[in-house]
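*Asks:* Have a look at the structure that comes next, please.
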Amino acid sequence: MQRASDILTARKPGRLSRIAAPARVNIPDRAWAVVVTALGAGAFCVAAVIVVELWTLSAQLRGRTGLLSFVFDSQWDVVRDAYGALPFIYGTLITSILALLLAVPVSVALSLFLTEMSPPGVRSIISFPIALLAGIPSVVYGLWGLFVLVPLLRNRVEPWLASALGFLPFFRGPPIGLGYLAASVILAIMILPTITSISIEVLRTVPLSLREAALALGATRWETIRLSVLPYARAGIVGATILGLGRALGETMAVTMVIGNSATISSSLFAPGYSLPAVIANEFAEASGALHTGALAALGLILFAVTLLLNVAARLLVRMSRRGPARVAA
């Protein structure tokens, strides 16, 4: 009886040998994989070093007041060594959320127009200034806001809002131009290209069959967008919004120049305020002692934690948007 090994090693005309040849080691591919892995690990190490350094710098503050008390305290007095982060957290959240309220409707409308309605010629004309906005330095936005936006808000917009909506606490107080409203408008303009570009890419992933099916059933163009396109791309648009929020939370120079730099909490959008990146940029170079430096480092930790959580949430939502067909089909 012929052994199994003889059968496996036997060569027959017109057939390949069943003995597997040893795999050839591709040295350039292995080297490239090692380099890319090292670069990825290096980025993680840099972030870890930043966190460790901020944690070390804030040790004296944490030992004196505790991080939780620091977060909820509203007093910031360098002379008395009394530090609280609440006014800066409040200013950062207020300006960022208001910037989203201003930018998201415009961004989604622009992305829907460019992907669903505009002719190719108009699409290229509108896409260019949107891409141009993303490349303007933040200090240029700040100068424009200081010399153009702030006078416009002080002389026209804020008096009109006070006369029309003055019964609300958000639109009360003297119209000085500098404040939460000016910072929010600047941030809305700065995050608009980010949200628009990502939303356009998400909307382009919507299968053409969904649009054709809705139109074949007699839906209008708006009904097709509302019932077929937007449900499919909803998670991706939310992810783009969160990425824009992350950009707004970390913006420094433009906000510093127009927010007013006052460590107070006010319900009025006309009032001056402060933000986490602005106070770090303004005071870190002139920190007078270890406790002051520790307070600024603790502010950096808070800002880092918020940004990290937002980026993780954005990645999860963008990943969910890739599984859109299953949810739509259900």
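The values are calculated or read from the model by the stated rules, or taken from the named source; none is laboratory data. On a predicted model such as this, the values are computed, not experimentally measured, just so you know. Heads up, the Cβs are rebuilt from the backbone with ideal geometry, glycines too, and the neighbour counts pull from every protein chain shown. For accessibility, only protein heavy atoms count, side chains too; no ligands or nucleic acids. Shrake-Rupley method; radii C 1.70, N 1.55, O 1.52, S 1.80 Å.
*Asks:* Go through region 193-208 and give me each residue that's open to solvent by 40 Å² or more (accessible area, probe 1.4 Å) and not in a helix (DSSP H, G or I).
*Replies:* Those that are open to solvent by 40 Å² or more (accessible area, probe 1.4 Å) and not in a helix (DSSP H, G or I): Thr205, Pro207.
*Asks:* Still on this model: All but one of (1) more than 23 Å from Tyr180 (Cα to Cα); (2) in contact (Cβ under 8 Å) with a residue 12 or more places away in the chain hold for Asn261, so report the exception by its number.
*Replies:* Exception for Asn261: condition (1).
*Asks:* Please tell me if Ile186 is hydrophobic (A, V, I, L, M, F, W, C) and closer than 26 Å to Ile136 by Cα.
*Replies:* yes
*Asks:* Where the second residue is modelled with pLDDT under 85 and open to solvent by 70 Å² or more (accessible area, probe 1.4 Å) and the first is closer than 19 Å to Thr220 by Cβ and lies in region 105-133, which pairs have Cβ atoms under 8 Å and are six or more apart or on separate chains?
*Replies:* Sorted first by the residue in region 105-133, then by its partner, the pairs are Glu116/Arg221; Met117/Arg221.
Results for (1) surrounded by 21 or more Cβ atoms within 10 Å (Cβ to Cβ); (2) closer than 19 Å to Ile265 by Cα; (3) at pLDDT below 90, shown as yes or no for each residue.
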| site | (1), (2), (3) |
| --- | --- |
| Leu146 | no, no, no |
| Leu168 | no, yes, yes |
| Tyr180 | yes, yes, no |
| Ser184 | yes, yes, no |
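*Asks:* Residues to consider are Ala271, Ala278; find the one that is closer than 22 Å to Tyr141 by Cα and under 20 Å from the mean Cα position of the chain (by Cα).
*Replies:* When all the criteria are applied, what remains is Ala278.
*Asks:* Could you go through region 202-209 and let me know if any residue there is under 25 Å from the mean Cα position of the chain (by Cα) and closer than 27 Å to Leu249 by Cα.
*Replies:* yes
*Asks:* Please indicate, with yes or no, whether at least one residue in region 60-83 is closer than 17 Å to Arg247 by Cα and touching a residue at least 24 places away in the same chain (Cβ under 8 Å).
*Replies:* no
*Asks:* I've got another one for you. Looking only at region 162-187, count how many residues are of a type in the set (Gly, Ala, Ser) and assigned to a helix (DSSP H, G or I).
*Replies:* Summing the residues that are of a type in the set (Gly, Ala, Ser) and assigned to a helix (DSSP H, G or I) in region 162-187 gives 6.
To keep it simple, each residue is scored yes or no on (1) closer than 14 Å to Ser96 by Cα; (2) touching a residue at least 12 places away in the same chain (Cβ under 8 Å).
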| position | (1), (2) |
| --- | --- |
| Gly177 | no, yes |
| Ala183 | yes, yes |
| Leu187 | yes, yes |
| Leu192 | yes, yes |
| Ile195 | yes, yes |
| Glu223 | no, no |
| Val229 | no, yes |
| Ile242 | yes, yes |
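*Asks:* Right, something else. What single numbered condition from (1) under 22 Å from Val185 (Cα atoms); (2) open to solvent by 70 Å² or more (accessible area, probe 1.4 Å); (3) of a type in the set (Val, Ile, Thr) fails to hold for Val139?
*Replies:* (2)
*Asks:* Is it true that some residue in region 141-161 is within 26 Å of Ile97 (Cβ to Cβ), aromatic (Phe, Trp, Tyr) and not in a helix (DSSP H, G or I)?
*Replies:* Taking every residue of region 141-161 in turn, none turns out to be within 26 Å of Ile97 (Cβ to Cβ), aromatic (Phe, Trp, Tyr) and not in a helix (DSSP H, G or I).
*Asks:* I've got another one for you. Residue under question is Leu317, and the condition is that it be out of contact with any strand residue (DSSP E or B) (no Cβ under 8 Å at 6 or more places or on another chain) and either farther than 30 Å from Glu116 by Cα or at pLDDT below 85 (or both); does it hold?
*Replies:* Yes: the conditions hold for Leu317.
*Asks:* Open to solvent by 40 Å² or more (accessible area, probe 1.4 Å), more than 24 Å from Glu286 (Cα to Cα), β-branched (Val, Ile, Thr) and over 26 Å from the mean Cα position of the chain (by Cα): which single residue out of Val79, Val122 fits that description?
*Replies:* Val122
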